[in-house]
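Encoded as structure tokens, the structure appears first; notes follow it.
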Amino acid sequence: MINLPLVHNAKRCDFVIVGGGAVATRKVRTLVKAGANVTVISPEVSDDIQAFADAGQVTLQCRSVADDEAYPSGAYVVLATENSGVNAVQAARARTAGASICRTDIQDDNDFIFPAVVDRSPLLVAVSTSGATPALTRYVKERLEAFIPDDYRRLASWMETLRSRLRDSGTSASRTGFWRRWMRSQAPEQILARRPEVAESITEQLLEGQEVSAGEVFLVGAGPGDPDLLTFRALRLMQMAEVVFYDRLVSPKILAMLPADAEKRYVGKARSDHSVPQEGINQLLVDEALKGKRVLRLKGGDPFIFGRGGEEIEELAAAGVPFQVVPGITAASGCSAYSGIPLTHRDHAQSVRFVTGHIRNDTCDLPWDELIHPSQTLVIYMGLVGLPQICEKLIAHGMPADTPIALVEKGTLPDQCVHTGTLSSMPSYVEGRDIQAPTLTIVGSVVSLHEKLRWR
């Protein structure tokens, strides 16, 4: 059995599709995309097949298949009628004529099958269960499409062009190991990051026999905790990492997605407990990258929102270390969505403000007057310890004491808990409860929607 539609010269093949329903339509769509020569035989066809015929992309014969149908020798015949008896008769006739057949109503006794194809031309990835479970084939294909973004099309085309350049210049044969070194360099990632000029520079250095460091830092936002909220790019770079520096707020389930052989170092910070000073973290990133390592700096939430990511990449830029920044879903977005509290709502709030409630010198120094606005949602990061003072100050500066407030504890995680109250009631509420960080504070009228809109 062969997976013929995968070959790049499918346009040179002749296909005859007998049938015009949903199954036939899927096959026709695949073959038209591959540039094959397609003839469809059916008295009735789907709108899609008719559209392909009207555009001249398929030859349509609006008739029933004949008992003595003549099939071209060497053709590939797809029997997609809903009548098994007709499919069996036509299979015998096609084979007698020297054609190969694929019956869509049975798994066995087929000469070729249609695998599901993830098309990032010139990169093609096939998924097949040999016709046993088409539903599983489609399911796996959809998963692969999510993890192989369309950017790989650009990478494959770039590499195809490079291979032609090497072949035309007569240098490819003498470059033993070139492709291995090229794939381990920063060049592929630079192309995916849409920096082809950097990839070209690296390629030229490799062609000249120079040593090129693969050292680079990936500053990646891991989101508020739920692994499903990682971006595809974050996951791809995570899986490339050789050395990982991670924070306290990166969940164990996300850490479990890192390569098993990656070196993992905890550099998290808690209140009055910094495992590694920030200046030390900055230098570690530089040092490991200069050793030629792919370094992952993994931060909870978004690295540019109260994450000190800007300080870290300033150090990298000063040292000439290549880096990429991948945003993550910040705690405000994740916690509000998972608790059913929209940060903005036409009837409640037309703006939102993020502040940090971190206590320094036993005080929470915030521009209190600017935070008092009737149509604004206030989101406070790291405000659990200073919560009584925050509530007191907001009330003292004019925010109504009955303003709704929510504490989202361990937001987006399975044990998420949402505590609601008012500015006046929340300080005494938290006194009798063991509420743990990470906890995000949301203040404003939108909190009143929690009971109505909660979905977890």
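The values are calculated or read from the model by the stated rules, or taken from the named source; none is laboratory data. On a predicted model such as this, the values are computed, not experimentally measured, just so you know. When we count neighbours, we look across all protein chains shown, and the Cβ atoms used for this are built from the backbone with ideal geometry, even at glycine. Keep in mind that these areas ignore ligands, DNA and RNA; they rest on the heavy atoms of the full protein, side chains included. Shrake-Rupley method; radii C 1.70, N 1.55, O 1.52, S 1.80 Å.
The residues listed here are Ile113, Ile2; of these, the one that is at pLDDT below 90 and open to solvent by 20 Å² or more (accessible area, probe 1.4 Å) is Ile2.
For Asp365, which of the numbered conditions (1) in contact with an Asp or Glu (Cβ under 8 Å, 6 or more places away or on another chain); (2) surrounded by fewer than 15 Cβ atoms within 10 Å (Cβ to Cβ); (3) not hydrophobic (A, V, I, L, M, F, W, C) fails to hold? Single failed check for Asp365: (1).
Here Lys291 does not fit the description of being of a type in the set (Lys, Arg) and in contact with a helix residue (DSSP H, G or I) (Cβ under 8 Å, 6 or more places away or on another chain).
Taken over segment 213-229, the residue count meeting the criterion of being at pLDDT below 95 and of a type in the set (A, V, I, L, M) is 1. If you go through segment 61-79 and keep only what is more than 13 Å from Asn37 (Cβ to Cβ) and either among the basic types (Lys, Arg) or open to solvent by 40 Å² or more (accessible area, probe 1.4 Å) (or both), you end up with Gln61, Cys62, Arg63, Ser64, Asp67, Asp68, Ala70, Ser73. Going through (1) open to solvent by less than 10 Å² (accessible area, probe 1.4 Å); (2) of a type outside the set (Val, Ile, Thr); (3) touching a Gly at 6+ places or on another chain (Cβ under 7 Å) one by one, Leu290 falls short only on (1).
Being touching a Phe, Trp or Tyr at 6+ places or on another chain (Cβ under 7 Å) and open to solvent by less than 30 Å² (accessible area, probe 1.4 Å) is the filter; apply it to segment 296-315 and report the residue that is nearest to Leu440 (Cα to Cα).
Narrowing segment 296-315 to residues touching a Phe, Trp or Tyr at 6+ places or on another chain (Cβ under 7 Å): 296-298, 305-306, 310, 313.
Narrowing further to those that are open to solvent by less than 30 Å² (accessible area, probe 1.4 Å): 296-298, 313.
Working: Leu296: 26, Arg297: 23, Leu298: 20, Ile313: 26 Å.
By that ranking, first place goes to Leu298.
Among the residues of segment 195-243, the ones that are more than 22 Å from Arg265 (Cβ to Cβ), open to solvent by 60 Å² or more (accessible area, probe 1.4 Å), in a loop (DSSP other than H, G, I, E, B) and acidic (Asp, Glu) come to 2 in all. Checked across segment 268-285, the condition of being modelled with pLDDT of 95 or more and either charged (D, E, K, R) or more than 12 Å from Phe245 (Cβ to Cβ) (or both) holds for no residue.
Can you name the helices (runs of 4 or more DSSP H) wholly within segment 58-174 that have at least 2 residues being hydroxyl-bearing (Ser, Thr, Tyr) and under 23 Å from Val28 (Cβ atoms)? Quick ask: steps written out before the conclusion?
Values: elements: 84-96, 134-147, 151-169.
Hits in segment 58-174: 134-147.
For the criterion of being open to solvent by less than 40 Å² (accessible area, probe 1.4 Å), on the phi > 0 side of the Ramachandran plot and touching a Gly at 6+ places or on another chain (Cβ under 6 Å), Thr441 fails.
With a requirement of 2 or more residues that are in contact with a strand residue (DSSP E or B) (Cβ under 8 Å, 6 or more places away or on another chain), over 12 Å from Ser445 (Cβ atoms) and of a type in the set (A, V, I, L, M), the helices (runs of 4 or more DSSP H) lying completely within segment 331-407 that satisfy it span 331-338, 387-396.
Evaluating Lys452 against the criteria (1) outside any loop (DSSP other than H, G, I, E, B); (2) touching a strand residue (DSSP E or B) at 6+ places or on another chain (Cβ under 7 Å) leaves one unmet condition, (2).
Pairs are defined by a Cβ separation below 9 Å, a sequence spacing of at least 6 or placement on different chains, a first member in segment 142-162 that is free of Cβ contacts under 8 Å to residues at least 24 places away in the same chain and over 12 Å from Arg236 (Cα atoms), and a second member that is open to solvent by 80 Å² or more (accessible area, probe 1.4 Å) and part of a loop (DSSP other than H, G, I, E, B); no pair meets this definition. When segment 424-438 is examined, which residues are found to be surrounded by 20 or more Cβ atoms within 10 Å (Cβ to Cβ) and in a loop (DSSP other than H, G, I, E, B)? Answer for segment 424-438, where residues must be surrounded by 20 or more Cβ atoms within 10 Å (Cβ to Cβ) and in a loop (DSSP other than H, G, I, E, B): just Pro438.
Within segment 96-107, how many residues are touching a residue at least 12 places away in the same chain (Cβ under 8 Å) and either open to solvent by 50 Å² or more (accessible area, probe 1.4 Å) or touching a helix residue (DSSP H, G or I) at 6+ places or on another chain (Cβ under 7 Å) (or both)? Step through it out loud before you land on a result.
The first filter runs over segment 96-107 and keeps only residues touching a residue at least 12 places away in the same chain (Cβ under 8 Å), leaving 97-107.
Remaining after also requiring either open to solvent by 50 Å² or more (accessible area, probe 1.4 Å) or touching a helix residue (DSSP H, G or I) at 6+ places or on another chain (Cβ under 7 Å) (or both): 101, 103-107.
Qualifying residue count for the region: 6.
Being touching a strand residue (DSSP E or B) at 6+ places or on another chain (Cβ under 8 Å) and in a helix (DSSP H, G or I): is that true of Ile313 here? Quick ask: steps written out before the conclusion?
Details: touching a strand residue (DSSP E or B) at 6+ places or on another chain (Cβ under 8 Å): yes; in a helix (DSSP H, G or I): yes.
In short, yes.
The residue that is modelled with the lowest pLDDT, counting only those in segment 10-44 that are of a type in the set (Val, Ile, Thr) and within 37 Å of the chain's Cα centre (by Cα), is Thr30. Need pairs with beta-carbon distance below 7 Å; first residue among the charged types (D, E, K, R) and within segment 407-421, second in a strand (DSSP E or B) and open to solvent by 20 Å² or more (accessible area, probe 1.4 Å); sequence gap 6+ or separate chains. Within 7 Å, the pairs are Glu409/Cys417; Lys410/Cys417.
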